[in-house]
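Computed from the coordinates by the stated procedures, all read-outs in this text should not be read as laboratory data. Bear in mind the structure is a predicted one, so any value in this text is a computation, not a measurement. Neighbour counts are summed over all protein chains in view; Cβ atoms, including those assigned to glycine, are modelled from backbone coordinates with ideal geometry.
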Amino acid sequence: METQELLFIDLQTQKNRLKAKIEHAIHNIIEKNHFIMGPEVAQLEQQLSKFCGAKHVIGCSNGTDSLALVLRAKNIGPNDAVLVPSFTFASTAEVVVWLGATPIFVDVLPDSFNMDPHSLIKGIQLAKDLNLTPRAVISVDLFGQPADYDSIESICHQFGLWLLSDAAQSFGATYKGRKVGTIGLATSTSFYPAKPLGCYGDGGAVFTDDDELAEIIRSLRVHGQGKDKYDNARIGINGRLDTLQAAVLLEKLTIFPEEIEKRQHIASYYNQGLEKVVQVPHLISKVTSVWAQYTVRMSANHRNEMIKRLSQDKIPTVVYYPKSLHQQTAYRNFPTVGHLQVSESLANEVLSLPMHPYLTQDMQDFIIDRFCAHMNDL
């Protein structure tokens, strides 16, 4: 293998590629002193709308706030229940608790790792049994692949719920010809640096075709302002997207389609090399992924030893996530749909390998060779 260091996510190569353009954009902002809600924010919103087809895009401070803004705009609060998958990052449930509502944890599917529609139906009934009002579903497109939206949207329609798509890891993907950002009442995403489309700090966005919802979220984003900054029409937050981050994202967006294609090629190459020795990820029918992570599944004993051996080979790995939310201290007292067996099993069995658009074939060959050798030895 070439001597270049193996990185789990390589932001440096991308930065070198865009360095001159990004530095020029940042210099212009500094010269004009438009640090907060400068014109680059509106430009980014327009370009993101053009990219995915959503009517409204509202840039905001981070992915967590993008979820919270939607819940606030829909007046989620005490005695409300919001259905969320347990196998996800904390922010998905965190925002529900912020507002005094109750997250109902449902299980995920063993192949896509996304929300299990059958468990979702049980979760809705559980909420009713607890005398809570089921109001919304927050689906999660884990590791870059959209959830089973045909089933989830049908269930939401059947029970009168609205859908918020948590696309923190999937922006840029498609579901049966529909681009992420156009699914559900609203979609939220994160521009955390490690995401497929990431900035140089925190950032996020909300996507929706609903005019009224978009207007309320724009108000909530800036302290609930009304006609001007000192006319507060509602209780909001300081959820603005920095102009500097918008400028970085504008440049990264120009190469994003190319990077998505590279991620797909890299994931396919991994699958070809690893599918005979470990359970590799596969996409559901007519769906694309942006492969925020490339995650395999193996027994817990093999996983722990594999992490150790790959580390000795200087191959970085990460476990997303070692505990499902319902197993964590802060969330263990909230309702769950039974045992959530798949979520608990995945927490013990998943392992993510290096994934970014700048993995060379030599790098992948080395990773695949060492992984297969260790699996054959376990």
Lysines with Cα under 28 Å of Lys179, excluding same-chain neighbours fewer than 8 positions away: Lys15, Lys21, Lys50, Lys55, Lys74, Lys195, Lys252, Lys262, Lys286
In region 350-374, which residues have a backbone nitrogen under 17 Å from the label point lying 7 Å from Lys276's Cα in the Cα-to-Cβ direction? 365-374
Along the chain, longest interval not containing exposed GluC sites (Glu not before Pro), exposed being DSSP loop plus at most 15 other Cβ atoms within 10 Å: 6-274
Sites matching trypsin sites (Lys or Arg not before Pro) across region 1-106 that sit in DSSP coil, with at most 15 neighbouring C-beta atoms within 10 Å: Lys55
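Are there trypsin sites (Lys or Arg not before Pro) in region 203-235 that DSSP puts in a loop and that have at most 16 other Cβ atoms within 10 Å, and which ones? Please list the in-between numbers first.
Working: sites: Arg218, Arg221, Lys227, Lys229, Arg234; in loops: Lys227, Lys229, Arg234.
Hits after loop and neighbour filter: Lys227, Lys229, Arg234.
Compute the length gained on full extension between Val97 and Lys15: take 0.36 nm times their separation in residues and subtract their Cα-Cα distance, giving the result in nm to one decimal. Walk me through the intermediate numbers first.
Details: separation 82, 0.36 × 82 = 29.52 nm, distance 3.70 nm.
Length gained, Val97 through Lys15: 25.8 nm.
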Among Val180, Val82, Val296, residue whose mean-square fluctuation peaks in a GNM of the chain (springs only between Cα atoms under 10 Å): Val296
As a test of the formula, what do you get for the chain when each DSSP H run with n ≥ 4 contributes -39,500 (n - 2.57) and the sum is divided by the residue count, at 222 nm and rounded to the nearest 500 deg cm²/dmol? -13500 deg cm²/dmol
Contour excess over end-to-end distance, with Cα ends at Asn376 and Lys227 and 0.36 nm allotted per residue: 47.0 nm
Once you have the Cα-Cα distance between Lys55 and Asp209, take 0.36 nm times their residue separation minus that, and quote the gain in nm to one decimal. 55.0 nm
Going 7 Å from the Cα of Lys286 along its beta-carbon direction, which residues of region 203-224 have the amide nitrogen within less than 20 Å of the resulting point? none
Quick one: what does P(r) look like for the chain with 10 Å bins over all Cα pairs, in whole %? 5, 24, 31, 25, 12, 2, 0
Given labels modelled 7 Å from the Cα in the Cβ direction, how far is it in nm from Asn75 to Ala194? 3.9 nm
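Report the calculated FRET efficiency for His302 and Asn333 (r = Cβ-Cβ distance, R0 = 30 Å), to the nearest 0.05.
Between His302 and Asn333 the formula returns 0.35.
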Can you give the net charge of the other residues whose Cβ lies under 14 Å from the Cβ of Glu305, counting K and R as +1 and D and E as -1? +1
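Among Cys156, Cys60, which comes first, second and so on when ranked by fewest other beta-carbon atoms within 10 Å? Let's see the in-between values first.
Numbers: Cys156 22, Cys60 31.
With the fewest neighbours first, Cys156, Cys60 line up as Cys156, Cys60.
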Listed by chain and number, the aspartates and glutamates with an alpha carbon less than 16 angstrom from that of Lys32, same-chain partners under 8 positions apart left out, are Glu23, Glu40, Asp242
